[in-house]
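Remarks on the structure that follows.
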Amino acid sequence: MQKSLHIDPGKCTGCLQCEMACSYDNTGTFNPSRSYIKVFTFHDEGRFAPYTCTQCDEAWCMHACPVDAISVDLATGAKIISDDKCVGCKVCTIACPFGTVNYSQATGKVVKCDLCGGDPECAKACPTGAITYIDADWTGYDRMMASAAKSLPSAEATH
Amino acid sequence: MQHIIIGAGPAGVIAAETLRKCDPAASVTIIGDEPEPPYSRMAIPYYLSDNIDEAGSYLRDPSTHYSKYSIELVQERVEKVDSKAKQVTLSDSSTRNYDKLLLATGSRAISPPIPGLDLPQVHSCWTLVDARHIIELAKPGANVVLIGAGFIGCIILEALVKRKIKLTVVETGNRMVPRMLNDKAGGLLKQWCIDKGIDVHTSCSVESVKAADNGEVQVSLSDGSKLPAALVITATGVKPNIEMLEGTDIKLDLGVLVNHSMQTSNSDVYAAGDVAQGIDFSTGNFEVQAIQPTAADHGRIAALNMAGNITEHHGTLNMNILDTLGLVSCSFGLWMGVDGGEQAELYNPGEFQYINLQFDGDCLVGASTIGKTQHIGVLRGLIESRINLGHWKERLLKDPTCIMEAYIASTQELGYS
Ligand SMILES: Cc1cc2nc3c(=O)[nH]c(=O)nc-3n(C[C@H](O)[C@H](O)[C@H](O)COP(=O)(O)OP(=O)(O)OC[C@H]3O[C@@H](n4cnc5c(N)ncnc54)[C@H](O)[C@@H]3O)c2cc1C
Ligand code: SF4
Ligand code: SF4
């Protein structure tokens, strides 16, 4: 059973532990601005929403890449960047309609969530259970992803 | 079932892979006329800047990929398509029959009628062959004149500067990338380039290129300047490769006209990529977009239809991203706005920052940014999902930076609206 990140914004307190854990795991520094998961703040409502790549089935980023630098990790289903192949053209960053693959000035390549190879640091660091890593089927997450994708008309409809 | 694909660029290769997936028993052949394994033109700037070698531009690993998926690669030029006999004639005079044909022939660079553009110091920058010529002539310290500051001109600009040459850019429009950025944004980009030591001439044209005594050339501009150059690069537009269709019943306009299934006026012939005039998401009109993501989408959708999986194409969003010596600019959809629409703008010239959002009613229909690299893809999401932004539109009008927040709040269940 493939797992996925399940995010429950209602439980998020905005503590940014996920951003710290992610940036530390991926860059060796505690630098939230370099985290692949990002907590968005809704000041007026006093709410927070952690957001990262949903490893969507459409994989817009992967299909747009001109040099085959993005592939599917068969173990986790994550879409992962090969630093060796990525030329830093940024086309994937405009192709992903969720804004979750981003250019890193520091590396000259793009970065995105790779599910940490199957043991995501953000989920482990989250003290409130707002981010969990659980069986995809139990979460309704697939349905959410499907509906997000459906809202993009260029996702073709097969008759 | 014999599928033939003409053109081994991204549209052709992605179509071949899709055909293989949907129709495992079919024969799939790609006929391409370039001497290299299938590669991506988009990688050329990174080859020019020595970031990658030629193999880094290959679309797939040529030693294994095509044989693994039983995709036959033929390196020949298709001279003629006979859509009645369902046959193509190659440059070696051999013929091949098809059941379904895909035109994925892309376009080629064209030069304006300026005297001297046939000199050996003048090259376009469209193919790996061109790139090799440029690398040979763009020696450190050399004077290089780039004609055209459109998207292609600008995308190779950084690579040229990295070769440590002295660069002059000449653009007939009044700003840089006039078809991607408005006056303010294009002006910012021009100022950025000037600050980086590039000599930029806008509203200016090249009148002639003449051979000089030292083996170089002299470039004369309409503003009276005369520039010495070891290399002149033309980035002045392209034209679709459609000559082999002469005499067929396939309807042409700016490119090959296709319907919602990527099918041409001949039901056994499809077209995809730069050569195809397909649906534009924003306008609903048939347009040639000439960008990589569109070539990929076209290739996939055309192949699904060729294999009998009827799939409707709802249009591709025109979008571009450009990195000019560290300044990233991008544009999406109707970035120039619509009649009666509203716009949100953040203009911070001192910091080289710009965000422009264009609304039609409560929907985002276009955007352009400068100096922003994080979460820009969500602009595509906001435009293509035609989300009714409701009160988030008012927020965006006040603060156009909160695009991610607007998207999340409009699409996710946050427990509030
Ligand atoms: C320097 C450069 C940088 C670019 N950067 C970007 C970018 O950053 N973002 C972006 O979105 N796009 C970019 N593009 C554009 C992008 O590369 C094209 O949109 C894309 O290559 C289109 O793919 P295609 O398969 O339709 O055509 P092509 O890649 O042009 O492939 C078509 C192939 O068909 C072959 N062919 C033509 N006629 C025949 C024939 N009669 N017989 C056999 N073969 C034939 C051609 O030789 C060619 O190999 C760039 C282009 C260039 C040149
Ligand atoms: S980065 Fe975007 S397009 Fe790529 S898999 Fe994740 S959500 Fe999908
Ligand atoms: S930035 Fe890298 S991963 Fe993204 S499309 Fe370009 S080469 Fe591929």
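The table below gives the values:
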item: D (Stokes-Einstein, µm²/s), Kirkwood Cα radius, chain B, 0.890 mPa s at 25 °C; result: 107 µm²/s
item: Solvent-accessible area lost in complex, 30 Å² minimum, residues of segment B:352-386 relative to chain alone, 1.4 Å; result: B:T373, B:Q374, B:H375, B:G377, B:R380, B:E384, B:S385
item: Gaussian network model of chain B, Cα within-10 Å springs - most flexible of B:N318, B:N174, B:N241; result: B:N174
item: 1.4 Å probe accessible area per residue over the protein assembly as shown, in Å²; result: 41 Å²
item: In segment B:202-308, the GluC sites (Glu not before Pro) that fall in loop regions by DSSP, at most 14 other Cβ within 10 Å; result: B:E246
item: Alpha-carbon centroid distance for the pair segment B:1-22 / segment B:130-161, whole angstrom; result: 32 Å
item: Cα extents of segment B:122-234 along the three principal axes, largest first (Å); result: 41, 31, 24
item: Rg and Dmax [Cα atoms of the protein assembly as shown; Å; Rg one decimal, Dmax integer]; result: 24.3, 76
item: Cα centroid of segment A:50-78 to Cα centroid of segment B:261-299, whole Å; result: 24 Å
item: Computed [θ] at 222 nm, helices only, for the protein assembly as shown once each DSSP H run of length n ≥ 4 contributes -39500 (n - 2.57); result: -6500 deg cm²/dmol
item: Area buried, chain B against chain A - accessible surface, total, 1.4 angstrom probe, square angstrom; result: 4100 Å²
item: Sulfur and carbon atoms: percent of accessible area, the protein assembly as shown [1.4 Å]; result: 49 percent
item: Rounded to the nearest 20 debye, dipole of chain B from Cβ charges on Lys, Arg, Asp, Glu; result: 380 debye
item: Cross-link partners of A:K11 among lysines (Cα-Cα below 25 Å; sequence separation of 8 or more within a chain); result: A:K3, A:K38, A:K112, A:K124
item: Student exercise, segment B:302-417 dipole from Lys, Arg, Asp, Glu Cβ charges, in Debye to nearest 20; result: 160 debye
item: Isotropic mean projected area of the C-alpha convex hull, segment B:169-244 (nm²); result: 7.1 nm²
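The values are calculated or read from the model by the stated rules, or taken from the named source; none is laboratory data. Note that the coordinates shown come from a computational prediction; the quantities given were computed from them, not determined experimentally. As a convention, Cβ positions derive from the backbone with ideal geometry for all residues, glycine included, and neighbour counts pool all protein chains shown. We work out accessible area using only protein heavy atoms, side chains counted, and drop any ligands, DNA or RNA first. Shrake-Rupley method; radii C 1.70, N 1.55, O 1.52, S 1.80 Å.
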